[in-house]
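Notes follow the structure.
The values are calculated or read from the model by the stated rules, or taken from the named source; none is laboratory data. Bear in mind that the values here come from a model prediction, so they are computed numbers and not experimental data. Don't worry about glycine lacking a Cβ; one is built from the backbone with ideal geometry, like all the others, and counts go over all protein chains shown.
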Amino acid sequence: MKQVFDLTGKVAIVTGSTSGIGIGIARVLARQGAHVVVTGRRAERGEAVAQEIRDEGFSASYHKLDIMDERSAAALIEDTVQSHGKLDILVNNAASVNAQDGNVADLTAEAWDEMLQSDLRSVFLLSKYAIPHMKRNGGGSIINTGSTAGVNGNLGWSAYGPAKAGVANLTKNIAYQYGKDNIRCNCIHPGLIITPQNQSNVPQFFKDIYLEQIDVNRCGCPEDIGYMALFFASDEAAFVTGQEICVDGGMMSHAPIYSALRKLAEG
């Protein structure tokens, strides 16, 4: 019997994999046998991540990607197929959080446009260029990183949240339009994920509030998202498409009031 979630022989692109969640996804997919194309704007960092994966005994390469540039997105897909013969898995993970994001009345049109371009338009473009190759290859899996911010309202994320909500809806459109071509598309909504890059910027009081709201006893790590992506990428998920799943420690599993009631009961 073959290894469960075995990706041996598959080619995967993970966008935004020079830091944070993207590195976690890239490492998990590579450890299960995929050749992973690490992407990002910082060539030195991207090459280092790919080398770290190779040093573990797995397969990876780096390709520069600017998610704001359509030509860069198209080149990534074309170069990957030319170099490796096919594309089986596309993880649209790259995104940005604009410091100019804010409440609706305070948000500039420019900041709104920039967020939708980086976080939603980029997912559209990469999927657009990947789908024809996946069709010719007999199928594939597209995995989009959304956010719990795209599921509910937030303070100060009036552009980021709608962009991620758009990613979730785009996921369903791709799943419906290309399912008969054996192309699946699913969306992961991460909760609070502590990474080496953000850990110093997440204050303890915020972690404490988060831990009060969720169902488990720790914050998330990049590999938590990686393992969900691994399932969606695998042949074992062949009957799973058009789905959104929150990998958030159970934050979205209950109404906020219940966390306060639980605290009262424990007191």
Legend entry - Matching residues in segment 98-110 - criterion: being loosely packed, with under 14 Cβ neighbours inside 10 Å and closer than 12 Å to Gly161 by Cβ: Asn103, Val104
Inset, instruction - Consider only pairs whose beta carbons are under 7 Å apart and that are at least six residues apart or on different chains; among these, list those whose first residue lies in segment 123-152 and is free of Cβ contacts under 8 Å to residues at least 24 places away in the same chain and buried (at least 17 other Cβ atoms within 10 Å of the Cβ) and whose second residue is of a type in the set (Gly, Ala, Ser) and in a helix (DSSP H, G or I). - result: Ala149/Gly161
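Within segment 153-169, restricting attention to residues that are aliphatic (A, V, I, L, M) and surrounded by fewer than 21 Cβ atoms within 10 Å (Cβ to Cβ), which residue is farthest from Val123 (Cα to Cα)? Give the derivation first.
Here is the first cut: in segment 153-169, the residues aliphatic (A, V, I, L, M) are 155, 159, 163, 165, 167-168.
Applying the additional criterion that residues be surrounded by fewer than 21 Cβ atoms within 10 Å (Cβ to Cβ) yields 155, 165, 168.
Working: Leu155: 24, Ala165: 12, Ala168: 10 Å.
Ranking the qualifying residues of segment 153-169, first place goes to Leu155.
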Legend entry - Search result, residues across segment 186-226 that are β-branched (Val, Ile, Thr), under 27 Å from Ala260 (Cβ atoms), part of a loop (DSSP other than H, G, I, E, B) and in contact (Cβ under 8 Å) with a residue 24 or more places away in the chain: Ile194, Ile214, Val216
Legend entry - Residue that is surrounded by the fewest Cβ atoms within 10 Å (Cβ to Cβ) [pool: residues in segment 211-267 that are of a type in the set (Val, Ile, Thr) and farther than 24 Å from Asn169 by Cα]: Ile257
Legend entry - Selection from segment 8-59 of residues that are over 18 Å from Leu76 (Cα atoms), in a loop (DSSP other than H, G, I, E, B) and not small (Gly, Ala, Ser): Thr8, Gln32, Glu56, Phe58
Legend entry - Count of segment 3-27 residues which are touching a residue at least 40 places away in the same chain (Cβ under 8 Å), closer than 27 Å to Ser118 by Cβ and not small (Gly, Ala, Ser): 8
Inset, instruction - Please find, within segment 178-210, the residue that is nearest to Ile131 (Cα to Cα) out of those that are surrounded by fewer than 20 Cβ atoms within 10 Å (Cβ to Cβ) and of a type in the set (Gly, Ala, Ser). - result: Gly179
Legend entry - Of all residues making up segment 75-95, the number that are small (Gly, Ala, Ser) and without any contact (Cβ under 8 Å) to a residue 24 or more places away in the chain: 2
Legend entry - Every residue from segment 72-116 that is part of a loop (DSSP other than H, G, I, E, B), of a type in the set (A, V, I, L, M, F, W, C) and under 18 Å from His35 (Cβ atoms): Leu87
Legend entry - Sole exception among (1) at pLDDT 95 or above; (2) of a type in the set (A, V, I, L, M); (3) under 18 Å from Asn154 (Cβ atoms) for Leu230, by number: (3)
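One line per residue, one yes/no per condition, for (1) closer than 25 Å to Glu266 by Cα; (2) of a type in the set (D, E, K, R):
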{"residue": "His189", "(1), (2)": "no, no"}
{"residue": "Thr195", "(1), (2)": "no, no"}
{"residue": "Arg218", "(1), (2)": "yes, yes"}
{"residue": "Asp224", "(1), (2)": "no, yes"}
{"residue": "Phe231", "(1), (2)": "no, no"}
{"residue": "Ser234", "(1), (2)": "no, no"}
{"residue": "Ala237", "(1), (2)": "no, no"}
{"residue": "Thr241", "(1), (2)": "no, no"}
{"residue": "Glu244", "(1), (2)": "no, yes"}
